[in-house]
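Data first, discussion second: the structure below is written as structure tokens.
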Amino acid sequence: METVDLSGFTAKSVAAFQQVLNTAKAMANDAALSEDDQDKVDAMSDALQDAYNSLEKKETTTHNSSSGSSSSSSSNKTAFTTATAVAITAGQGVGTSSAVRSVISDTTLPFALKRGSAYCFKMTVTNGSTVMPSFTVGNGDVFKTQFVAKIGNDYYFRIWAIGAPGQSAGIYTQMPGEAPQCHCVVTVA
């Protein structure tokens, strides 16, 4: 998150993001942190992802020379890269178009899950709908899925790694009237 180029976002949203990032960095440097604090670390990770998802693009005006009209652009986010991973952010999915999406995942980076282990995703519906998103995996022989809970506009879904080590599948949601959205790819370890 430290490598995100914040120059294209509003000062207010950048300040909120940086405040959460600084708190996360302080937690990461806390020598007293132990495995017993995993819930706190998970909550901070969620807060950092939420702060990133809340970054607001600055309004930009472009002029079309053929018609003389102008338009404003306020797209969600741009993808950022680190030396080891690419983040797929809200408004973008792996292998999908860049149309605005109504579901934001708390997990957007590819990761590995040990066979027999489970992982819980938080999917936030952002369009004001009260309809639960459809949640699925690209290959049902690799992961089993389960709906866990709904809290406000957050929906929690669990996956279990049942496939052979090395197999992978995309994690997808779909809202009525929208194309399926891939949030990340998970590999069985």
Among all residue pairs at least 6 apart or on different chains, which show Cβ distances below 9 Å where the first residue, located in region 142-167, is farther than 26 Å from residue 130 by Cβ and the second is of a type in the set (Lys, Arg) and not in a strand (DSSP E or B)? 161/114; 161/115; 162/115; 163/115; 164/115; 165/114; 165/115
The correct count of residues that are in contact (Cβ under 8 Å) with a residue 12 or more places away in the chain, in a loop (DSSP other than H, G, I, E, B) and surrounded by 12 or more Cβ atoms within 10 Å (Cβ to Cβ) in region 4-40 is 4
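Go through 117, 105, 134, 129 for me and flag whichever is in contact (Cβ under 8 Å) with a residue 24 or more places away in the chain, of a type outside the set (D, E, K, R) and out of contact with any strand residue (DSSP E or B) (no Cβ under 6 Å at 6 or more places or on another chain). Talk me through it step by step, then tell me what you get.
Values: 117 fails: out of contact with any strand residue (DSSP E or B) (no Cβ under 6 Å at 6 or more places or on another chain); 105 fails: out of contact with any strand residue (DSSP E or B) (no Cβ under 6 Å at 6 or more places or on another chain); 134 fails: out of contact with any strand residue (DSSP E or B) (no Cβ under 6 Å at 6 or more places or on another chain).
None of the other options fit; the residue is 129.
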Kindly evaluate residue 99 against the criterion of being surrounded by 14 or more Cβ atoms within 10 Å (Cβ to Cβ), modelled with pLDDT under 85 and not in a strand (DSSP E or B). no
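Conditions (1) modelled with pLDDT under 90; (2) surrounded by fewer than 19 Cβ atoms within 10 Å (Cβ to Cβ); (3) within 23 Å of residue 43 (Cβ to Cβ), marked per residue:
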| residue | (1), (2), (3) |
| --- | --- |
| 108 | no, no, yes |
| 112 | no, yes, yes |
| 116 | no, yes, no |
| 120 | no, yes, yes |
| 127 | yes, yes, no |
| 133 | no, no, yes |
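Just to be sure I understand, how many residues within region 170-189 are aliphatic (A, V, I, L, M) and crowded, with 22+ Cβ neighbours inside 10 Å? Lay out the reasoning, then the answer.
Within region 170-189, the first condition is being aliphatic (A, V, I, L, M), and the residues that meet it are 171, 175, 179, 185-186, 188-189.
Among the residues that remain, those that are also crowded, with 22+ Cβ neighbours inside 10 Å are: 171, 186.
Final tally of qualifying residues: 2.
The values are calculated or read from the model by the stated rules, or taken from the named source; none is laboratory data. Worth saying up front: this structure is predicted, and the values here are computed from it rather than measured. No Cβ is skipped: glycine too gets one built from the backbone with ideal geometry, and neighbour counts run over all protein chains shown.
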